[in-house]
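Remarks on the structure that follows.
The values are calculated or read from the model by the stated rules, or taken from the named source; none is laboratory data. Just so it is clear, the model here is predicted, and its values are computed rather than measured. For neighbour counting, all protein chains shown are included, and Cβ atoms are generated from backbone atoms with ideal geometry for every residue, glycine included. For the accessible areas, the whole protein counts, side chains as well, though only heavy atoms, and no ligand, DNA or RNA atoms are used. Shrake-Rupley method; radii C 1.70, N 1.55, O 1.52, S 1.80 Å.
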Amino acid sequence: MRRKIVAGNWKMNTTPQEGVNLVKGIAELKKDICSCVELIVCPPFTHLSCVINAAKETGIAVGAQNCADHESGAYTGEVAAKMLKSIDTEYVILGHSERRQYYGETAETLNSKMALAFANGLKPIYCVGERLEQREAGQHFDVVKQQIEEVVFNLNEEQFSQLIIAYEPVWAIGTGKTATAEQAQEIHAHIRRVLANKFGVAAQDTPILYGGSCKPSNAAELFAKEDVDGGLIGGAALKAEDFIGIAKAF
Ligand code: PEP
């Protein structure tokens, strides 16, 4: 049985107080979902400490949305993996398409971030996914294969066993367009085959989350697919009822 995970990417939304209220709201509603579902929330850096504090003893894990590709030093505006770990951050999202697109993240920077995340005891949620023109050109299988090979294939087995993958087609993120459950299953199964090429049977245990306009009304259909192990949720993660509504799909 693979882990079932619903993770919220709050992006650049909420104030620290709103973030604390949100996590408390999620904690209150958590009794309505299967205890088999793991919940993770990823607030902005400024709220990590207070959200981690508010999430204590709720069973909700907290992650960051990014970390620096250097250990420490003269990198104005960056936040190091070590700093995140020092305040008990558990997860870190790496390679989100918005970071790749707007902040020029490349395989090289992502390899550094991944290595630093693991070296400091953070568990990465690594995002892959094709842009619309790549899907229209039938390149989506190759695009995600490359995004996996150039970063995930550099991990050792121990690191790989801690990894979560999120498949997020860029054309579905924040657009209201969702991949069909069949499209999601097809590419999740492909991702698992690619992972198995390198890591063998261990790939059977890797949680592969779907992300892209996932909401309470479409989560059940997506999560019913064999290789869809949960979701990385953007917009719908900003309301406790919606986030829990998605987790209820399991
Ligand atoms: C995301 O950016 O990780 C995401 C899935 O966003 P949304 O759910 O808003 O499409």
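What the phi angles of region 136-149 give under the Karplus curve with 6.51, -1.76 and 1.60, with θ = phi - 60°, is a coupling list of 5, 8, x, 9, 4, 5, 5, 4, 5, 4, 5, 4, 7, 4 Hz, glycine and proline written as x.
Working note: Karplus 6.51/-1.76/1.60 with θ = phi - 60° gives region 156-162 the couplings 8, 5, 5, 5, 4, 5, 9 Hz, where Gly and Pro are set to x. Across region 220-237, rounded Karplus estimates of 3J(HN,Hα) from the backbone phi angles (6.51 cos²θ - 1.76 cosθ + 1.60, θ = phi - 60°) give 4, 5, 5, 6, 6, 6, 4, 9, 9, 9, x, x, 10, 10, x, x, 6, 8 Hz, Gly and Pro being marked x.
Close amide H contacts of H96 (hydrogens built in the peptide plane, cut-off under 5 Å, sequence separation of 5 or more or a different chain): C127. The largest accessible area among M83, M12 belongs to the first residue in M12, M83, and the rest follow in falling order (1.4 Å probe, all chains). Think of each Lys and Arg Cβ as +1 and each Asp and Glu Cβ as -1; about the Cα centre, that makes the dipole of the chain roughly 420 debye. Sequence-distant contacts, meaning Cα pairs under 8 Å at least 6 residues apart, place the relative contact order of region 150-209 at 48 percent.
Its DSSP H runs of at least 4 residues, each contributing -39,500 (n - 2.57), put the calculated 222 nm mean residue ellipticity of the chain at -11500 deg cm²/dmol, to the nearest 500.
Overall form of the chain: rounded. Here a/c, set by the Cα gyration tensor axes a ≥ b ≥ c, is under 1.5. Just how many pairs of Lys in region 31-150 have C-alpha atoms closer than 25 Å, counting pairs that are eight or more places apart or on different chains? So the count works out to 11.
Summarising the amide proton neighbourhood of G8: residues at separation of 5 or more, or on other chains, whose placed amide H is nearer than 5 Å comprise I40, V41, C42, I233. Computed over protein heavy atoms with a 1.4 angstrom probe, the accessible surface ordering of D229, D69, largest first, is D69, D229.
If amide H atoms are built 1.01 Å from N in the plane of the peptide, which residues on other chains or at least 5 residues away come under 5 Å of the amide H of E150? Amide H neighbours of E150: none.
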